[in-house]
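Engineer: So that we are looking at the same thing, I have put the structure below in structure tokens.
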Amino acid sequence: GDTDLFTFDLVSGTLTQLTFDADNDRPIWSADGKRILFNRSIDGSQSGEDLYVKPADNSAPEQAILTVPGNQMPSAWLADGTITFYGGTGGTSDLFTLSPADSGKPTPYLSAPWNEIDLQVAPDGKLAAYAASETGTEEIWIRDFPVPQGKWKVSSGGGSAPRWSPDGSAIYYWRGGAPSDTLMRVRVDRSPTVVVRAPEVVIALNAAGISNWDLHPDGRRLIVAMSQTTTAPVSGRPGAAPVDRYLVVQNWFSELKRLAPVP
């Protein structure tokens, strides 16, 4: 039942296994693309999950960078080497940072009686987005960073897994619900003060809950883990289940005019 980490080369099609024992989850690339941060459970989470780092080229074994009681879940790895993560031992999750200058000692960012997870820092390092169940429903919030002074609510009707646009002008997040999960975008103005605009729908996907996703550095693409449909077997393929497939069509208006020219 343990999971391992792999890299996949999009050019060569090479799949490379990075971990070979224990339970390894939530991989995050370093800013230079040379290392991968992840959490690891040695004995099925009986003593918690800790943070590890391994070279992306498999040139050295993984090394533990934080081993403390409870489950530690990495959220982001900033360009200056700071790691954001959430965890705790009291039944709820709080937000922490771990910088190279901390000598292995985490710095608390937010602590509350409710869950706070997935701390994502804006590209300029001045604001942070996170998900919290403060209202009884998980919603997206932003606060000043590194000191959480101001506070602004981003989502409406639930939200999870926030990500900043590359220029820091918007936050993307997922809103779950039947029949599909919906990716939302909220524009965030900064001058002269923070103003959060109304949420906009980006795309709806039958992802059966968002567990893994990220925004591409170019801000125009995303990658998301999708669930397979497990209904009736496909004809001619005994035991096989149909898979929902989504097609991305570029320049669709030109294609439409070519196929159905106006007389």
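The values are calculated or read from the model by the stated rules, or taken from the named source; none is laboratory data. Since we're looking at a predicted model, the values are computed, not measured. Virtual Cβ from ideal backbone geometry, glycine too; neighbours counted across all protein chains shown. For the accessible areas, the whole protein counts, side chains as well, though only heavy atoms, and no ligand, DNA or RNA atoms are used. Shrake-Rupley method; radii C 1.70, N 1.55, O 1.52, S 1.80 Å.
Engineer: Using a 1.4 angstrom probe on heavy atoms only, work out the carbon and sulfur share of the accessible area of the chain in %.
Structural biologist: Within the chain, the accessible surface is 53 percent carbon and sulfur.
Engineer: Could you give the length gained by full extension between V202 and V11, i.e. 0.36 nm per residue of separation minus their alpha carbon distance, to one decimal place?
Structural biologist: Going from the current span to full extension adds 65.9 nm.
Engineer: Is there a quick way to get the dipole size of the chain? I mean about its Cα centre, with the Cβ of Lys and Arg at +1 and of Asp and Glu at -1; what is the value in debye to the nearest 20?
Structural biologist: Rounded to the nearest 20 debye, it is 1040 debye.
Engineer: Under 15 Å from the Cβ of L15, count the other residues' Cβ atoms, weight Lys and Arg +1, Asp and Glu -1, and hand me the total.
Structural biologist: With Lys, Arg at +1 and Asp, Glu at -1, the neighbours total -3.
Engineer: Still on this structure: With a sphere of radius 12 Å drawn around the Cβ of I210, what net charge do the other residues whose Cβ falls strictly inside it have (Lys, Arg +1; Asp, Glu -1)?
Structural biologist: -2
Engineer: Quick one: if you stick a label point 7 Å off each Cα along the C-beta vector at V68 and L222, how many nm between them?
Structural biologist: 3.1
Engineer: Sticking with this structure for a sec: Could you state the accessible area per residue of the range 15-83 in Å², with a 1.4 Å probe and every protein chain left in place?
Structural biologist: It amounts to 50 Å² per residue over the range 15-83.
Engineer: Nearest 0.05, what FRET efficiency do K151 and S99 give at R0 = 30 Å with Cβ-Cβ as r?
Structural biologist: Efficiency at R0 = 30 Å is approximately 0.85.
Engineer: Which lysines does K34 reach when only Cα atoms under 30 Å apart count, and residues fewer than 8 places away in its own chain are ignored?
Structural biologist: K54, K105, K126
Engineer: Given N residues in the chain, what is its alpha carbon radius of gyration divided by 2.2 N^0.38 Å?
Structural biologist: With N residues counted in the chain, Rg over 2.2 N^0.38 Å equals 1.12.
Engineer: Mind giving me the nanometre distance, one decimal, between the label points for K126 and N251, set 7 Å out from Cα along Cα→Cβ?
Structural biologist: 4.0
Engineer: Students sometimes get this wrong: rank R40, R221, R258 by accessible area, probe 1.4 Å, all chains present, largest first.
Structural biologist: Sorted descending by solvent-accessible area, the residues read R258, R221, R40.
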